[in-house]
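Note sheet for the following structure.
Read-outs throughout are calculated quantities, based only on the coordinates presented, and are distinct from any laboratory measurement. Nothing here was measured: the structure is a model prediction, and the numbers come from that model. Methodologically, a virtual Cβ is constructed for each residue, glycine included, from the backbone with ideal geometry; neighbour enumeration extends over all protein chains shown.
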Amino acid sequence: MEIEFPYTEEESRTFGVVKRPRMLMKIFSKTRSIWVPIKETLVDTGADSTVLPRFIGELLVEDMTTGKYSEIKGVVPGSVLVAYIHELRIKVGDREFDAPVALQTQTMFHPYSAELEVWTSSMRAS
């Protein structure tokens, strides 16, 4: 399976204007029984998981804390992002699949999508 993502030019405080891959992703809400569109999701093909902020997680599941507890660590030493992993139904373009999604407990965070099991070795940016 091959999926291409368009790059958009964005302002970076460090590097000036940069190009980043963005996509529209829809996730099925277990609480509302509807597809929730998530626009401008950052595609990171090297990341370990898909991470969504609390305000989106609250639209998707009844209780985020029923998922598997996870601590996500990044480039800042000692910084930890607490999230709960849920198996959710995702739609990208005409493709639909189940994938683990980390729903974080903090609110100030932009959604990004990562190397989901279904996409492994098949994502390609254009």
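For the pair Lys19 and Tyr7, how long in nm is the line joining their label points, each one 7 Å along Cα→Cβ?
0.3 nm
Run the reach check for Lys68 against lysines, Cα to Cα strictly under 30 Å, same-chain hits fewer than 8 apart removed. What comes back?
Lys26, Lys30, Lys39, Lys91
Can you tell me which of 85-96, 20-31 comes out highest on packing, and rank the rest after it, using the mean Cβ neighbours within 10 Å?
Listed from highest to lowest mean packing, they are 20-31, 85-96.
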